[in-house]
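What follows is calculated from the coordinates using simple rules that are stated; it is not laboratory data. Keep in mind that what you see is a predicted model, and the values were worked out from it rather than measured. Methodologically, a virtual Cβ is constructed for each residue, glycine included, from the backbone with ideal geometry; neighbour enumeration extends over all protein chains shown.
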Amino acid sequence: MLGTEFAGEVEAISKDVKLFKKGDQVFAISPDTFGGHAEYKCLPEDKPIVVKSPNMTYEEAASICDGALTALTFLRDTAHIKSGQKVLIKGASGAVGVYAVQLAKYYGAEVKGVCSGANVALVKSLGADKVIDYTQTDFTKTGQKYDVIFDAVGKSSFSNCKSALTQQGSYLTTVPSLAIIRQILLTSLGRGKKAKFATASLVQNKDNLNFLNELFDAGKMKAVIDRRYPLAQVAEAHRYVDTGRKKGNVVVTVLG
């Protein structure tokens, strides 16, 4: 989705706006109208837009606004993650995965990340207890069981991961498909292993953004930015993202 997440300074407000003033430094998402790839964006004040922490740069704010909101929705609201659970994050070095690792640790889980060997050090630095290089080891064949398997890149399936779930474990994926929808419907009928999906961008609110502000200020979350591109090179930025090789986020800067 083009320009869903953004950060910047409030340039003007209508006479009826009460929550913001000119000069406020904010970050926000606009999943219904997009438009973040621009110098100006207009949003109603009741949308998911909040004043960012003064300790957070605009680049960091836009980055956290992206993957962290998705990870929060999946882990806290969909999987109902609990302290002491064993959680596996597949795609742990990606835009959603880097924040999923940090959030899972915040909630007290034992976290195992899955990524390529080149990104093992990064994922460990984010708090993962263990990291699996998927080019060397298939985590579904190690005999380890997990309470939550979160595929943050949508490159596995419930069927393939089912054997690695505990009896009441949950499998989550960020990529919807007919197969996962079918598995969600089938597994929702019983008490055993579950397949789950969430429309993360459509259920966001100010509380979630403020929560991420608090985590950042407390040192419980940090932004992971791979590359920065000026707005004039936005097409090149998307081409790099499409390679599937980025670590964390790619940021498009409008000014400066």
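Brief remarks follow.
- Ordered by the count of other Cβ atoms within 10 Å of each Cβ, fewest first, Val87, Val224, Val250 give Val250, Val224, Val87.
- Packing-based exposure ordering (other Cβ within 10 Å, fewest first) of Leu185, Leu172, Leu19: Leu185, Leu19, Leu172
- Per-selection Rg to Rh, the stretch 115-159 - Cα, Kirkwood hydrodynamic radius: 0.94
- The chain: antiparallel DSSP beta bridges as a percent of all, rounded to 5: 25
- Ranked for footprinting exposure by Cβ neighbours inside 10 Å, fewest first, Ile13, Ile184, Ile81, Ile29 give Ile13, Ile184, Ile81, Ile29.
- Counted charge near Ala237, where neighbours are those whose Cβ lies closer than 14 Å (Asp, Glu -1; Lys, Arg +1): -1
- Rounded tilt (10° steps) of 58-72 against the dominant C-alpha axis of the chain: 40
- Residue among Ala198, Thr187, Leu72 farthest towards the positive dipole end of the chain, charges placed on Cβ: Thr187
- Of Lys82/Lys124; Lys21/Lys82; Lys41/Lys193; Lys194/Lys246, pairs whose Cα-Cα distance is over 32 Å: Lys21/Lys82; Lys41/Lys193
- Tail beyond 26 Å, pair distance distribution of the stretch 79-202 (Cα, percent): 13
- Hull volume in cubic angstrom per residue (convex hull over the Cα atoms of the stretch 46-152): 107
- Span from the the stretch 136-187 Cα centroid across to the the stretch 59-113 one, whole angstrom: 16
- D (Stokes-Einstein, µm²/s), Kirkwood Cα radius, the chain, 0.692 mPa s at 37 °C: 174
- ³J(HN,Hα), Karplus 6.51/-1.76/1.60, whole Hz, each residue of the stretch 127-140, x for Gly, Pro: x, 4, 6, 9, 9, 10, 7, 5, 6, 10, 9, 8, 5, 6
- Lys/Arg +1, Asp/Glu -1 at C-beta; the chain dipole; positive extreme among Gln167, Gly244, Ser53: Gln167
- Rounded to 10°, Cα long-axis angle of helix 206-217 versus longest principal axis of the chain: 80
- Dipole check for the stretch 79-202: with +1 at the C-beta of Lys and Arg, -1 at the C-beta of Asp and Glu, and the Cα centre as origin, the magnitude is about 320 Debye.
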